[in-house]
Amino acid sequence: MAYKVLIVDDEPMLLKGLKYSLEQESYIVDTAIDGDEALNKGLMNDYDLIVLDLMLPKIDGLEVCKKIRETSMVPIIMLTARGEDTSKILGLEYGADDYLTKPFNILELKARMKAVLRRVNLKESVSATNIIEIDDFSINTLRRKVILRGREINLTAKEFDLLLFLAINPNKIYSREELLETIWGYEYFGDLRTVDVHIRRLREKVEEKSSQPEYIRTKWGVGYYFRSKNKIR
């Protein structure tokens, strides 16, 4: 699907470059050059994601974020200068989903955008039902419990999120980078070993032989996937 995004920054050349680059990857891109225009467009349109600069003319980015959050839960990535209080930006008071420090690489921005959109899609995909059943697994998304062949499996929060994400996307291979971005987000950006460690621990808990996994499989040189012969019930 083509995601519709709003990019907000007061640098016209930066906006032009970001718009062009994102449209090459099939994003539908709208732009705003100040806080007033950003707020009007953010409230009037149905965006999948907003990339919002903190320092804007007329209305600053934090105030725009706060106003949008009063009526919408659209994902927001804040663009900040070095040294700014990121804990405040990401706090409950404003509700941004992620942040990126200027100057940034366009590839990192694209990675952050994809990660935020995947996390949103994960939440939406599990919100329609409390119980997901696939193969020998019964996953309670509200109580965050996993039953495997009648036995409850004790998982940590991240192990549960990792299993759930792979299980609701059976037979689809995800790279370590994609799993890191989706499950951990900005907190562990770049630490790929985190994924390997959690995959190993997850296998030790759900596989009869972790060295010969039946469910959590590896596609060498590509990534990990949940092997399933059945559809989700």
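The values are calculated or read from the model by the stated rules, or taken from the named source; none is laboratory data. Since the structure is predicted, the reported quantities are computational estimates derived from the model, not experimental observations. Cβ coordinates were reconstructed from backbone atoms using ideal geometry, including for glycine residues, and neighbour counts include every protein chain displayed.
At-a-glance table
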{"read-out": "Subset of the stretch 142-154 [over 21 Å from the mean Cα position of the chain (by Cα) and among the hydrophobic types (A, V, I, L, M, F, W, C)]", "value": "VAL146, ILE147, LEU148, ILE153"}
{"read-out": "Hits in the stretch 32-46 (condition: surrounded by fewer than 19 Cβ atoms within 10 Å (Cβ to Cβ) and closer than 23 Å to THR101 by Cβ)", "value": "ILE33, ASP34"}
{"read-out": "Residues located in the stretch 191-233, provided they are more than 22 Å from the chain's Cα centre (by Cα) and of a type in the set (Asp, Glu)", "value": "GLU204, GLU207, GLU208, GLU214"}
{"read-out": "Any pair with Cβ under 8 angstrom, 6 or more apart, that starts in the stretch 187-198 at a residue that is over 13 Å from LEU162 (Cβ atoms) and ends at one that is modelled with pLDDT of 80 or more and acidic (Asp, Glu)", "value": "LEU192/GLU177"}
{"read-out": "Positions within the stretch 118-134 being surrounded by 18 or more Cβ atoms within 10 Å (Cβ to Cβ) and either at pLDDT 80 or above or within 20 Å of ASP9 (Cα to Cα) (or both), in sequence order", "value": "ILE132, ILE134"}
{"read-out": "Test result for ASP60, crowded, with 19+ Cβ neighbours inside 10 Å, assigned by TED's automatic domain parsing to the domain that holds MET113, under 16 Å from TYR99 (Cα atoms) and not β-branched (Val, Ile, Thr)", "value": "no"}
{"read-out": "Selection within the stretch 135-154 - at pLDDT below 90 and of a type in the set (A, V, I, L, M)", "value": "LEU142"}
{"read-out": "Qualifying residue in the stretch 47-66 (condition: outside any loop (DSSP other than H, G, I, E, B) and basic (Lys, Arg))", "value": "yes"}
